[in-house]
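**Q** Provided herewith is a single structure, encoded as structure tokens, for subsequent inquiry.
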Amino acid sequence: IMSPFISMTKGIESKPNSKIDYSINTIGINFPLKQYGNISIRTNNEKCKENHVSLGNQIFDYNYNSVHIDIDQLDNILYPKRGYKITNDYESNNSYNISKIKLDYFHTFKFNHTIRLYSLIHQTSINAPNYKNFIYGGYNWLPGYNEFSLSSSNLSSIGFEYQIHYKNSTTFKLLINKILQYAESNNSLPISYGVGINIKSILGPFNFTWARGLKDPAISTNVTKHNIFYFNFGVTY
């Protein structure tokens, strides 16, 4: 049964060289897709103040429509071993449009071995506010890069993760990721990689991951790589 809703969101986000204060007022309708997931259609008003180190203060106040599609066929949202998940967020008004797609697929064999294939696609039109270009990646989608270090109008990537489950409470993992398109760099970006461990607890999963990737992909002549460590609690989608 479809269900209307109203939401009001306020928050503060700190990104490299900037701080963002925002509030979003939303009116929408959820359409459940039985056992597959749901579609949400929304109309939004967003007010945002970005304090940027080099650009100064920028104030945005605009209306836009958005559609959120969530297809969830994972066997377990906290500790998935089989199934797939697809999310698509589309946002637009008369000035810009944004599309964000995440694809996730899990397959387990011999009970203790799981393969995860994943892809991230982010496309933003030229007139969108700059802060909308940030890619929320981190260890789970863009290993080797800080969660807020990538800002791009167009980015696509694919990744492979191999998991070994030990005693039903600990998972060791190997991640390999390749950025296929990054609009701010003219060069092909190298493969990033990492290793990590997930531990089950009564409060949810704990994750620790070490990864290695390009330090600043926006600089086309940059070849410097760096080590980055992630510590997370819970699930990030």
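The values are calculated or read from the model by the stated rules, or taken from the named source; none is laboratory data. From a predicted model like this one, the values you see are computed outputs, not experimental measurements. Note that each Cβ is placed from the backbone with ideal geometry, even for glycine, and that neighbours are counted across all protein chains shown. Each accessible area value is taken on the protein alone, full model and side chains, heavy atoms only, with ligands, DNA and RNA left out. Shrake-Rupley method; radii C 1.70, N 1.55, O 1.52, S 1.80 Å.
**Q** Have a look at region 1-126 and give its Rg and Dmax from the Cα atoms, expressed in angstrom.
**A** Cα only, region 1-126: 18.1, 56 Å (Rg, Dmax).
**Q** Considering only protein heavy atoms and a 1.4 Å probe, what is the carbon-and-sulfur percentage of the accessible area of the chain?
**A** Details: 7730 of 13170 Å².
Answer for the chain is 59 percent, counting heavy atoms of protein chains only.
**Q** What does the highest-first list of 158-165, 227-234 look like by mean Cβ count within 10 Å?
**A** Working: 158-165: 17.0, 227-234: 13.6.
Packing order, densest peptide first, comes out as 158-165, 227-234.
**Q** Work the Kirkwood hydrodynamic radius out for the chain: mean of 1/r over every pair of different alpha-carbon atoms, inverted, in Å. Walk me through the intermediate numbers first.
**A** Values: mean 1/r = 0.0516 Å⁻¹.
Roughly 19.4 Å, rounded to one decimal.
**Q** Same structure, new question: Under a cut-off of 29 Å between alpha-carbon atoms, report the lysines in cross-link reach of K34, not counting same-chain residues fewer than 8 places apart.
**A** K81, K85, K100, K102
**Q** Heavy atoms of the protein only, probe of 1.4 Å, neighbouring chains included. What is the accessible area of S188 in Å², nearest 10?
**A** 100
**Q** Treating only the Cβ of Lys, Arg, Asp and Glu as charged (+1, +1, -1, -1), what charge dipole size does the chain show about its Cα centre? Round to the nearest 20 debye. Numbers along the way, then the final one.
**A** Details: 22 positive and 15 negative charges, 148 e Å.
Result for the chain is approximately 720 debye, rounded to the nearest 20.
**Q** Test of the criteria: in region 148-180, which trypsin sites (Lys or Arg not before Pro) are in a DSSP loop and have at most 12 other Cβ atoms within 10 angstrom of their Cβ?
**A** Details: sites: K167, K173, K178; in loops: K167.
Those that pass, being in a loop and sparsely packed, are K167.
**Q** Probe radius 1.4 Å, ligands and nucleic acids left out: which of T170, T209 has the largest accessible area, and how do the rest follow?
**A** My answer, sorted largest first, is T170, T209.
**Q** I've got another one for you. Answer rounded, prolate or oblate for region 1-41, using the Cα gyration tensor with square roots of eigenvalues a ≥ b ≥ c: rounded when a/c is under 1.5, else prolate when a/b is larger than b/c, else oblate.
**A** Working: a/c = 5.52, a/b = 2.28, b/c = 2.42.
Oblate.
**Q** Could you sort out which of K47/K132; K15/K132; K15/K200; K19/K47; K19/K132; K15/K173 sit more than 20 Å apart by Cα distance in this structure? Before the final figure, lay out the partial values.
**A** Values: K47/K132 13 Å; K15/K132 12 Å; K15/K200 30 Å; K19/K47 14 Å; K19/K132 13 Å; K15/K173 28 Å.
From K47/K132; K15/K132; K15/K200; K19/K47; K19/K132; K15/K173, over 20 Å: K15/K200; K15/K173.
**Q** Using 0.36 nm per residue, how much length does the chain from K178 to F109 gain when fully extended, once their Cα-Cα distance is taken away?
**A** Numbers: separation 69, 0.36 × 69 = 24.84 nm, distance 2.46 nm.
Additional length available on full extension: 22.4 nm.
**Q** How about region 89-129: which chymotrypsin sites (Phe, Trp or Tyr not before Pro) there are in a DSSP loop, with at most 10 other Cβ atoms within 10 Å of their Cβ? Don't skip to the end; give the middle numbers.
**A** Working: sites: Y90, Y96, Y105, F106, F109, F111, Y118; in loops: Y96, F111.
Sites meeting the loop and neighbour criteria: F111.
**Q** Where does the charge balance sit around W141 when Lys and Arg score +1, Asp and Glu -1, over other residues with C-beta under 15 Å from its C-beta?
**A** Values: positive: K85, K100, K102, R116, K173, K178; negative: D89, D104, E147, E161.
In short, +2.
**Q** A follow-up question, please. Wrap a convex hull around the Cα atoms of region 26-65, take a quarter of its surface area, and give that in square nanometres. If you can, show how the numbers build up before the last one.
**A** Details: hull surface 16.4 nm².
Averaged projected hull area, Cα only: 4.1 nm².
**Q** Distance between the C-alpha centers of region 1-40 and region 100-179? Whole Å please.
**A** Taking the Cα centre of region 100-179 as reference, the centre of region 1-40 is 22 Å away.
**Q** Just for the Cα atoms in region 102-237, what are the lengths along the principal axes, largest first, rounded to whole Å?
**A** Ordered largest first, region 102-237 gives principal extents of 49, 28, 25 Å.
**Q** Another one. Exactly which trypsin sites (Lys or Arg not before Pro) in region 1-109 are in a DSSP loop and have at most 12 other Cβ atoms within 10 Å? Let's see the in-between values first.
**A** Values: sites: K10, K19, K34, R42, K47, K49, K81, R82, K85, K100, K102; in loops: K34, K81, R82.
When the trypsin sites (Lys or Arg not before Pro) of region 1-109 are filtered for loop state and at most 12 Cβ neighbours within 10 Å, K34 remain.
**Q** For L103, what accessible surface area do you get with a 1.4 Å probe? Give it in Å², rounded to 10.
**A** Accessible area of L103: about 60 Å².
**Q** According to the Cα gyration tensor, what semi-axes, each the square root of 5 times an eigenvalue, does the equivalent ellipsoid of region 156-230 have, listed from largest to smallest in whole Å?
**A** Numbers: eigenvalues 181, 28, 19 Å².
Semi-axes from the Cα gyration tensor: 30, 12, 10 Å.
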